[in-house]
1. Any idea what the relative contact order of chain B is, in percent, if you count C-alpha pairs under 8 Å spaced at least 6 apart?
2. Determine the residues within the range A:17-31 where the difference in accessible area between the chain on its own and the full set of protein chains amounts to at least 10 Å²; count protein heavy atoms only and use a 1.4 Å probe.
3. Please give the charge dipole size of the protein assembly as shown, origin at the Cα centre, charges +1 on K and R Cβ atoms and -1 on D and E Cβ atoms. Round to the nearest 20 debye.
4. Report A:THR155's accessible area, 1.4 Å probe, all protein chains in place, as a number in Å² to the nearest 10.
5. Carbon and sulfur: what percent of the range A:3-128's accessible surface (1.4 Å probe)?
6. To the nearest hundred square angstrom, how large is the accessible surface buried between A and B, total for both chains, probe 1.4 angstrom?
7. Quick check: the angle from helix B:5-22's long axis to the longest principal axis of chain B, C-alpha only, nearest 10 degrees?
8. Identify, among B:GLN115, B:PHE137, B:SER126, the residue whose Cα sits farthest towards the positive end of the charge dipole of the range B:45-138, taking +1 on the Cβ of Lys and Arg and -1 on the Cβ of Asp and Glu, with the dipole about the Cα centre.
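The values are calculated or read from the model by the stated rules, or taken from the named source; none is laboratory data. These numbers were taken from a predicted model, which means no experiment stands behind them. When we count neighbours, we look across all protein chains shown, and the Cβ atoms used for this are built from the backbone with ideal geometry, even at glycine. We work out accessible area using only protein heavy atoms, side chains counted, and drop any ligands, DNA or RNA first. Shrake-Rupley method; radii C 1.70, N 1.55, O 1.52, S 1.80 Å.
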Amino acid sequence: MNGSPLELEPLFRIGPVPITEPVITTWAIMALALLFSLLATRRLELVPGKLQAALELVVGAIDHQVEEVVQRDPAPFRPIVGTIFLFILVANWSSLLPGVEPPTARLETDAALALIVLASTAYFGIRQSGVSGYLKSFAQPSWAMIPLNIVEQITRTFSLVVRLFGNIMSGVFVIGIVLSLAGLFVPIPLMALEVLTGAVQAYIFAILGCVFIATAVGGEAASAGANSSSMQGNST
Amino acid sequence: MHIDWWTLGLQTINLLVLVWILSRFLFRPIAGIIRERQAASADLLKKAEVERDKADLEERQAEQDKEEAERARGEVLKSAAKEAEAEKTQILAAARQEADKLRAQAKTDIERLRQAEEARSNRQASELAVEIAAKLFNRLPRNARIGGFVDGLAEAVAKLPERTRAEIGAAGAPVMVKAAQEMSPGEVTALEAALSKVLGCEVAVSVTVDPELIAGLELEAAHASVRNSFAADLDRIANGLTGDGQE
């Protein structure tokens, strides 16, 4: 991290499109995800091996969490929530590799994730209640709440971006500063802490996205909203 | 704050593609195999439940069969005991009957043996008595062995029926007399006189000696025999003792 964390230098360009480091890292993660998925699901058996059992455990845990929040079949929400969780987790942990900067330490990646959550909220809300029904949900409990609800949509999406960006970027910066000041092995405890922080942030982002979607489809909105507010406060 | 909109757009596209990749190649197969396993487990559970119900049914059936067998066994045992009791009673009755029969047979045999033994004892006693009496009579004087029997013979002849008496010594035929020993002329004369008296006509006697008589006389006629001898008396006594009863 040579310059401002808010600025990105393109590594190369494809036509007018600048290709930056987070994009390259994301592509690598996508390639690894595709390769891993193909290899891991090549021979699935009813009696699972160790890898299959671990994958089933992960998918089962995601389904369980989604079901608890949404209070309905988790299958439609699994790809979005599961992908957000796994991508953020892998992206955060990619900082452990020498020379790799996690894409989530960049505002654009976190904003992209938040945009996807926002779009998913609208998509599942419309699918559940129709366009008018979804729009009417902004007028709950009264028409006077429309501006506040719109602001809430924006602010909570913005809070997702800021929380993830702030936690991961700060962790990368701290490790970088400590590494530049101290010896080779000094940042290791901080890196271990970063592993924990990365997992927690992935979980928080995925669960909050799930709560927003649940709110849109009429799940446990009130309690989840309250929980999300408190979690936001704690994590930041 | 500076945002690279190109990167934001690319990352958004990248993430949507990643959602598709993971959904298509990871979540769907894994969820599918989980669903398949759950279905297989549910199927197995259903089959196990069916098997358990079947086993329960078989167990109940087995219990019923066992109870039925117990009941049948009890009935067979009861029937066998009843039959055994009846057979025991029958055998006991038969044994008792057989024992009674044997006892009766034994009694009969004992009675017969007793009677035979008694007859043998009587016979021996009579033989012994006759022998004793013969020995005693042999000690009598000789003239007493004949003379003492003349009157007795005459009395016996007198008791014969008229017709029989008339045949004795008819037409001058001698009267056949057996004597225990040789008779003296006087004894012959006395005999002829006694007979003549009871017969009502003069008769002569022809004497033959028979020591078997021991003592006494015996008259032999065509249709009668008068025995007035000691041998005849002993015979009567012996017959009386042995129960033959012929006098």
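1. So the answer I get is 16 percent.
2. Residues shielded by partner chains are A:VAL17, A:PRO18, A:THR20, A:VAL23, A:THR26, A:TRP27, A:MET30.
3. 2020
4. Taking all protein chains as shown, A:THR155 has close to 70 Å².
5. The C+S portion of the solvent-accessible surface of the range A:3-128 is 68 percent.
6. Chains A and B together bury approximately 3500 Å².
7. Computed tilt is about 20 degrees.
8. Toward the positive end, the furthest listed residue is B:PHE137.
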